[in-house]
Amino acid sequence: MSIQSSDIKVYLTGLAVDGVNSDGSAAQTNSNLSLGGFRSSTEINGTSQLSASITDTDTSIQVDDVGQLPGASPINPGYAVIGNEMVRYDARSTSLGSGYLVGVVRGVNGRVPEAHDSGEVITGVTSQNLFDHVRASENVAGDTEYRCFSVLNTNTSDTAFNVKVFLTPVAHASTATSAATGTNATLTDDTLIGQYIDDFFNSGTILITGGSGLSATASENLYNVIDYDDSIGKFTVSGNWNQGVPDTSTTFVATSLKASPNPYDTVSFAVERHWYSNLDGSGVITLGGQTYLVDDTLPGAGWTSASHFVGAYVLLLTGDGVDGIPKKITTYNASTGRIDISGTFVNTGASNGDLYTIVRGPTRTMVSGEGVEPPVGTGNISSWSTATTVNTAMSININSTGEDLSHDELFFVWVKRAITPNTTSYTNDNIIPSIYFEV
C-alpha cells in the first residue's frame, strides 16, 4: 500500500534528546513547552481505529476510542484523517456505543471521500491545545506567542512528494433551524449572532449541504461570500441561489479565510527544514579523536555543503567514546568529511572503524520562552505565512532542501498567534495544520 495521510504524524517538540529515537524525548508532553528543539514522541493528537466499515457517504463513524480524537462542536468542528481522506465532524458521542463521530462531512480540503474498512487507523489533526488560555492581562496588553511542532513521515519505505503546509480555515457547520431565512442572494441565521464579528466570512464561501437550495450538481452548491453582517447573522453571496431560496430546512457550511475561530487574532506559520533531517542508519569513522570524527565517504555521498550538519548532533554507537549522549556539531568540512563537535567524546573518543549516526533534530533555535520569536526568514526557516488553501500553501523546499519528504524524515513548523489588545477574551485556538502531499 502506498503512503497514507495517517503516515504523516505531527509531534510536539522539546529540549531533550534521548539518543534512542535519534531525535525525540518521550518525556515532553506539555504543549506550552513545545518551543523548538527535538521531536517529542508525543503526538499533538492521538489515534484510534474504525470499529466498523464505512462507505464513502456515511456521516457517522464508529471508532474504538473516541476520547483519543479532538473534541468538536458545530462552531469549532474537529478534523481527522483516515487513509488519504480528511473528514470534519461536529461532535463526539458515546450514546451510540463505544464511540462515534457524528455530523461528519466527508472529503474536506480537497480530499476524495473513500470507503474504509474496520480496523483502519483514524488520526486527529485539530491542535486544540497548542496554545494556552488567554489571561486577562494578556488580553488587555495584547500578546504574541510561538509554538513549534514537528512533522514526521512514519512510513517505512515510501516518500511523500511535493509536500506543502497550510492551516485549515475556520468552518461553521449549521443544522436546520427555524432561525434560517433567505432572499435571492442572502442567507440569515440569527443563531450566529455574536459568535463571530462583522466581515468574518468575507471572501470565504458558503456550501449548501441540505434542504432548500441544495442542487444535485455539486459545483452549484458552493458560493462566494461578499459580506457577512454579524449583527443579524446575514451572509450575502455573489449571484443568486441556483436551486431556490434558503429556508428553515437549509443546512450549510460557511468557511472563513482565517485559521483561527477567534476573530481578534492572527495565526501564521513558518517552515523549518534542514539537510540533516533525512538521515538514518549509521556511518563508519575513518579517523577521529575526542573533539572530532572523519568519515571520508560523506563528500562522495553528496554531503558537499559546509552547512549540511551544523546544528545537528552526532552519536557514537560503538567504541571507547560511547556514552549515549549526542554531541552538537559545530563545523563540517565538505572536502574531507570532518565533523567537529561542541564538548568532547569520553575516554579516547572516536576511532577508525567506530560506528556513528547523525541525530536528525533539532530546530536551529530552541526559544527560551513562549514570547520569544524564532529567527524566521533566515537560514533554513521560511518567512511567516497565513496560507489557508492548498493553492497558497507553503512548500517545504526551504533553501533548496527539496520538496519531498522521505520515509523517516521530518521537518518543523513554527506557529505564531498575535492577539489584538483590548478585545474579547477567549480561550485557546483550534489550530489545524494541513499537510498536503502527492503519492
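So here's what we get for this one:
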item	result
Hits in segment 162-177 - residues which are assigned to a loop (DSSP other than H, G, I, E, B), of a type in the set (A, V, I, L, M, F, W, C) and closer than 22 Å to Val415 by Cβ	Val170
Residue among Ser157, Ser150 that alone is within 19 Å of Arg273 (Cα to Cα), of a type in the set (Ser, Thr, Tyr) and not assigned by TED's automatic domain parsing to the domain that holds Ser203	Ser150
Cross-chain or 6+ apart pairs with Cβ under 8 Å, segment 279-298 first and on the phi > 0 side of the Ramachandran plot, then at pLDDT below 90 and of a type in the set (S, T, N, Q)	Gly281/Thr357
Members of segment 133-168 found to be hydrophobic (A, V, I, L, M, F, W, C) and crowded, with 19+ Cβ neighbours inside 10 Å, listed by number	Val134, Cys148, Phe149, Val151, Leu152, Ala160, Val163, Val165, Phe166, Leu167
Scope segment 181-211; condition more than 17 Å from Gly239 (Cβ to Cβ) and among the hydroxyl-bearing types (Ser, Thr, Tyr); matching residues	Thr181, Thr188, Thr191, Tyr196, Thr209
Yes/no for Thr181 being in contact with a Leu (Cβ under 9 Å, 6 or more places away or on another chain), part of a strand (DSSP E or B) and either closer than 30 Å to Gly369 by Cβ or not assigned by TED's automatic domain parsing to the domain that holds Val63 (or both)	yes
Breaking point among (1) surrounded by fewer than 20 Cβ atoms within 10 Å (Cβ to Cβ); (2) over 30 Å from Asn397 (Cβ atoms), for Ser203	(2)
Some residue of segment 338-345 being in a helix (DSSP H, G or I) and without any contact (Cβ under 8 Å) to a residue 24 or more places away in the chain	no
Qualifying residues in segment 289-327 (those that are out of contact with any Leu (no Cβ under 9 Å at 6 or more places or on another chain) and part of a strand (DSSP E or B)) - the one surrounded by the most Cβ atoms within 10 Å (Cβ to Cβ)	Tyr313
Residue within segment 277-291 that is of a type in the set (Ser, Thr, Tyr) and at pLDDT 80 or above present	yes
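Listed here are the residues, each with its yes/no results for (1) assigned to a loop (DSSP other than H, G, I, E, B); (2) hydrophobic (A, V, I, L, M, F, W, C); (3) at pLDDT 85 or above; (4) more than 17 Å from Thr168 (Cβ to Cβ).
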{"position": "Ile3", "(1), (2), (3), (4)": "yes, yes, no, yes"}
{"position": "Tyr11", "(1), (2), (3), (4)": "no, no, yes, yes"}
{"position": "Asp56", "(1), (2), (3), (4)": "yes, no, yes, yes"}
{"position": "Tyr79", "(1), (2), (3), (4)": "no, no, no, no"}
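The values are calculated or read from the model by the stated rules, or taken from the named source; none is laboratory data. None of these values were measured; they are calculated from a predicted model. Every residue, glycine among them, receives a Cβ derived from its backbone with ideal geometry; neighbour counts consider all protein chains shown.
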